[in-house]
Amino acid sequence: MDNENKSIVYEDAIAELESIVNKLQSGQVSLDDSLALYTRGVELAAICDEKIKEVEQKIAVVNTATEEEQPMDADSKEGF
C-alpha cells in the first residue's frame, strides 16, 4: 500500500467506495473501466479494514488501561 493510500481518511475512502459501487451497479461502465473500478474498490476496502483494525486496537488499549486503573469495588467479595 503506497503513502497516498495510507493518508486517505476513512470517511473519504468509504465515500469513494460507495461511488464506485453506484457506478458499477448502474451498468453504464465499460468492461475495462469496470475492472479498474473494481480494483480500486478492493484497495479501498483493504484500507478501510486496516483503519478499523487500528481503531479496534487503540480501543482495546484504552479499555485495558481503564480496567487496570479502577480500584476494586468495596462491596466485592473477591479474595475473601
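Could you list, in sequence order, the residues of the range 10-59 that are over 14 Å from the mean Cα position of the chain (by Cα), of a type in the set (S, T, N, Q) and assigned to a helix (DSSP H, G or I)? Answer for the range 10-59, where residues must be over 14 Å from the mean Cα position of the chain (by Cα), of a type in the set (S, T, N, Q) and assigned to a helix (DSSP H, G or I): SER19, ASN22, GLN25, SER26, SER34, THR39. Close contacts from the range 35-50, counting a first residue that is in contact (Cβ under 8 Å) with a residue 24 or more places away in the chain and farther than 13 Å from VAL9 by Cα and a second that is polar (S, T, N, Q) and part of a helix (DSSP H, G or I), with Cβ to Cβ under 8 Å and a gap of 6+ residues or different chains, come to GLU43/ASN5.
Within the range 60-80, count every residue that is part of a helix (DSSP H, G or I) and either at pLDDT 95 or above or aliphatic (A, V, I, L, M) (or both). The number of residues fulfilling the criteria is 4.
The values are calculated or read from the model by the stated rules, or taken from the named source; none is laboratory data. Every value quoted in this text rests on a predicted model; they were computed, and no experiment measured them. Virtual Cβ from ideal backbone geometry, glycine too; neighbours counted across all protein chains shown.
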